[in-house]
Amino acid sequence: MKLSDEQIAFFKDNGYLILPGVISPQRCAEARDRMWAALPASCALKRDDPSTFNGPFHGADIQNDPLHVRQGFRWQNREISTDAFFIETMFNEQLRVAVEQLIGANTLREPVVGGRRMGSEGTAWPGGPVDPAINEGVRGIYCTLPYGDQPRLPDESHTDGHPFSLGAVANIHQVPADGGAFKVWPKSHRRLYPTFQMQYDQPRIPYYDHLPSYKGIIHSTAYLKELDAIMRDTPPVECCGGEGDVILWHHRLAHMAGHNYTDVIRQSVLWDYNRADLDQLRADPPQDNMWRDWSEQLQANNTHYSDAFARTQLLNS
Ligand SMILES: [Fe+2]
């Protein structure tokens, strides 16, 4: 699977790229089988009964283990992070060829089958999120249960605070409109990249219960101002679509896990592609050329993508 110049141009300009039908239907079906097999038999959520799909989780079904979270409307299974099947799903030759066109040939950090799983060391700070950088495989299977009759919630976008090169979201089931799809703010990567102190990291600060304002992470004033402007002036794109679609996204792109107002469970596998030399690159400040660490092919790309192509990427303007 070679990316076209138009696909690369679109990624460069918008910070995301939807690759339709990359994961085979057979592999998606097996991923779903493994997802459901990990659910305790006692859970009220039943695969063969869609009337049980609505969240939130209740009572004994709630679990806060970072390796297998079931709380609210989120069901996140990270126990499978370094299983061979899921690593092969996201780090196969087909995807590797495409990703190397973006971040450079022979630059990728290799995953480790049976290696360290995301969540195996707990949360980044008490009550905080799990650090996706402590991981040698996929982030996990991330599901969002339908919200049922919950009132509609506003969008809240963010960028991820851990160092990585390129994110990937693989839908292992169809994600309809309004169904909790990965939601992105096009072009935000170019506006937010210069607002960080470091190219890939976000500074962290110790978290204390009695000093809760910083919650482990420091945002620069410039970042908060720009993110606020993006939320006001940029219509988001909801990356809904069929099973097997993979969405690649730039590490500084504003995004969120969408709200799910359908009766279908959103089911995706998340993954981070990393350059093997991120350890040398991460402490550098933002560069005048924000694509310094990317492939020569991407850096040289000055192609214009068509409106018709943008529509295939669900971008209307
Ligand atoms: Fe995120």
Go through the stretch 261-285 residue by residue and tally those that are within 22 Å of residue 31 (Cα to Cα) and within 16 Å of the ligand (Cβ to nearest atom).
7
Could you please find all residues in the stretch 137-169 being farther than 16 Å from residue 50 by Cβ, assigned to a strand (DSSP E or B) and within 15 Å of the ligand (Cβ to nearest atom)?
140, 142, 158, 166, 167, 168, 169
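Going residue by residue through the stretch 189-199, is there one that turns out to be surrounded by 18 or more Cβ atoms within 10 Å (Cβ to Cβ), of a type in the set (D, E, K, R) and within 21 Å of residue 7 (Cβ to Cβ)?
no
Mind listing whichever residues of the stretch 170-185 are part of a loop (DSSP other than H, G, I, E, B) and either within 16 Å of the ligand (Cβ to nearest atom) or farther than 16 Å from residue 235 by Cα (or both)?
172, 173, 174, 176, 180, 181, 185
Out of 261, 273, report the one residue that is surrounded by 18 or more Cβ atoms within 10 Å (Cβ to Cβ) and in contact (Cβ under 8 Å) with a residue 12 or more places away in the chain.
Exactly one residue qualifies, and that residue is 273.
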If I ask for residues that are more than 16 Å from the ligand (Cβ to nearest atom), of a type in the set (D, E, K, R) and touching a helix residue (DSSP H, G or I) at 6+ places or on another chain (Cβ under 8 Å), which ones from the stretch 241-260 would you list?
243
In this structure, does residue 275 turn out to be among the charged types (D, E, K, R), more than 14 Å from residue 16 (Cβ to Cβ) and either at pLDDT 95 or above or within 18 Å of the chain's Cα centre (by Cα) (or both)?
yes
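The values are calculated or read from the model by the stated rules, or taken from the named source; none is laboratory data. The shown structure was predicted, so the numbers you read here are calculated from the model rather than taken from an experiment. Don't worry about glycine lacking a Cβ; one is built from the backbone with ideal geometry, like all the others, and counts go over all protein chains shown.
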